[in-house]
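The values are calculated or read from the model by the stated rules, or taken from the named source; none is laboratory data. Because the structure is a prediction, the values reported are computed rather than measured. Using ideal geometry, Cβ is built from the backbone for each residue, glycine included, and neighbour counts are taken over all protein chains shown. The accessibility values were calculated without ligands, DNA or RNA, using every heavy atom of the protein model including side chains. Shrake-Rupley method; radii C 1.70, N 1.55, O 1.52, S 1.80 Å.
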Amino acid sequence: MLIRKVKGTRDILPPESRLWAEVEALAYRIFGGFGYEEIRLPVLEPTELFVRSVGEDTDIVSKEMYTFADRKGRSLTLRPEGTAGVARAFIENGLGQRPQPLRLSYLGPMFRYEKMQRGRYRQFAQIGIELLGAATPQADVEVLLALHTFLAELGFEDLVIVLNNLGDPEDRPRFIDGLKRELAPHREQLCGDCQRRWDANPLRILDCKVPRCRELVTGTTPVAEVVSDEARTHVEAVEAGLAALKIPVRRAPRLVRGLDYYLRTVFEVVSPELGEDIVICGGGRYDRLVSDLGGAQVPGIGFAIGEDRLVEVLPEIFRRRVLDRPVVAVLPLGAGAAAPGLALSRDLVAEGLTAPAEVTGRSLKAGLKWASKIGARAVVILGERELTEGKAIVRDLDRGEQETVALDEVPSYLSRLLNRRNT
């Protein structure tokens, strides 16, 4: 019986995997340029970490986590998000002793048992950054600037950054009282999940995707209208800072995000192509998270990008730059040419070219057919006579032309040839 992959997971195959690798390399370069250093976190964490941080009454904890008991009966969970793990690592490793603010980035798989749809999987990848130790609006602006710079480098022009003000935890009782008062006449029309949320976590009603629930909350007072003056001043300063940098954002008055630790600034990035229900990136400020997990009072802000969704809507200009990268095939003919062929392949790779060598002993005719199938634009042919003379034949597969070139000049000749073909 054929063994198949687990539902909700997928194999990322070439050439799509090339896109993933380039996206990740760009993320390391851009976020590293802003001072964010990589932290590598466990995929498994104690279940209590997410219950205490994300919130017991959130959909993630109550419905979506992959939780199980290990052989000693300890409850473990495959991480559904990255920020809680960063906060745990911050406390456990004494990272508060390092110069503050601390800038961290991460990349890797997350797991949630949720309804599958376009751009959404049960094992998915996130790229995230976290800035810990700065409570100022400027910290929020920097995080969004890093995000905007990354998306711009990918070539995006149509993604929308939406932002809201959740206020502080002290503002929540006042807002929730008003929300329940306004929704009370329509309570019976709310979906079953929102009926449950009514007493457990009413703020989550604003995050419901059921059309009737969304319609009902549209007429309620936005949370930003009942927050404290301090929270209002903070988010207005964030918006002013973004405006000064010419980074467009749009207010989303009912945006709350699906995690309980957020306060004040929250934001998402949505794609018109996927639809506004599909969030490519989400984040916000979480000034109480570290202390809620037993650490000091450390402010923080960050975001996580859904890499699966991001790759799906990558601009064509970025796709072409990655997928159309020229390939040069090295074709040694005869046993005596095998080692020189691999040596040439190594030299071409050192020059920044993609240069696989033929290693199965194909004939010239079969080797040229192989080169064409792998998308090579040129083939370097090494026969016994060429090697004796210290030369190689370089064939331009697009034009069907070829030249005999000295071996030590092959890299520079190919660079000129490929640049000429790209102009």
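Taken over the chain, the ratio of Cα radius of gyration to 2.2 N^0.38 Å equals 1.24. The slack between Arg196 and Val6, meaning 0.36 nm per residue of separation minus the straight C-alpha distance, is 65.3 nm.
By the scheme Lys and Arg +1, Asp and Glu -1, what is the net charge of all other residues having a beta-carbon under 13 Å from that of Pro173?
On the way: positive: Arg172, Arg174, Lys180, Arg181; negative: Asp168, Glu170, Asp171, Asp177.
Value of the local net charge: 0.
Highest mean packing first, where packing is the average number of other Cβ atoms within 10 Å per residue, the peptides 22-28, 128-134 line up as 128-134, 22-28. Candidates Asn165, Ile176, Ala146 compared by Cα position along the dipole of the stretch 141-248: farthest toward the positive end lies Ile176, with charges placed on Cβ.
Contact order for the stretch 91-240, expressed relative to its length and based on alpha carbon pairs under 8 Å spaced 6+ residues apart, stands at 22 percent. Put the Cα centre of the stretch 309-362 next to the Cα centre of the stretch 383-405 and the gap is 17 Å.
Here the stretch 304-423 carries DSSP beta bridges of which approximately 55% are antiparallel, counting only pairs with both residues inside. Would you mind counting up the charge near Arg285? Only other residues with Cβ under 12 Å from its Cβ, with Lys and Arg at +1 and Asp and Glu at -1. Net of charged neighbours comes to -1.
The residue list Leu331, Met1, Ala87 was ranked by how far each Cα lies along the charge dipole of the chain toward its positive end, using unit charges on Cβ atoms, and Met1 comes out on top. Shape analysis of the stretch 1-129 places it in the oblate category; the axes a ≥ b ≥ c from the Cα gyration tensor give an a/c of at least 1.5, with a/b not above b/c. Highest mobility in the GNM of the chain, judged by mean-square fluctuation with C-alpha springs under 10 Å and restricted to Glu401, Glu182, Glu48, is found for Glu401.
Atom-type composition of the exposed protein surface of the chain places 51 percent of the accessible area on carbon and sulfur (1.4 angstrom probe). Normalised by 2.2 N^0.38 Å, with N the number of residues, the alpha-carbon radius of gyration of the stretch 157-235 equals 1.18. Surface calculation, 1.4 Å probe, protein heavy atoms: Trp370 sits at approximately 40 Å² accessible.
Computed over the stretch 194-303, the alpha-carbon pair-distance distribution with 5 angstrom bins reads 2, 10, 17, 22, 22, 16, 9, 3, 0, each value a whole percent.
Cα-based radius of gyration for the stretch 266-423, normalised by 2.2 N^0.38 Å, reads 1.64. Take every DSSP beta bridge whose two residues both sit in the stretch 43-128; close to 100 percent of them are antiparallel. For Asp177, the solvent-accessible surface with a 1.4 Å probe is about 90 Å², rounded to the nearest 10. For the stretch 94-251, the spread of Cα coordinates along the three principal axes comes to 50, 41, 39 Å, biggest extent given first.
Please compute the contact order of the chain in relative form: average sequence separation of alpha-carbon pairs under 8 Å and at least six residues apart, divided by the residue count, as a percent. Over the chain, the number comes to 15 percent. When only alpha carbons are used to place a centre, the stretch 71-133 and the stretch 29-43 end up 12 Å from one another.
The charge dipole of the stretch 198-350, taken about the Cα centre with unit charges on the Cβ atoms of Lys, Arg (+1) and Asp, Glu (-1), comes to about 340 debye, rounded to the nearest 20. Taking a sphere under 12 Å around the Cβ of Thr47 and counting the other residues whose Cβ falls inside, with K and R at +1 and D and E at -1, yields a net charge of -1. Here is the P(r) of the stretch 1-40: all C-alpha pair distances, binned every 5 Å from 0, give 6, 18, 15, 16, 15, 14, 8, 4, 3, 1, 0 in whole percents. Loop-located GluC sites (Glu not before Pro) in the stretch 209-296 (DSSP state not H, G, I, E or B) with no more than 16 neighbouring Cβ atoms inside 10 Å: Glu273.
Accessible surface calculations at 1.4 Å, restricted to protein heavy atoms, place the chain at 49 Å² per residue.
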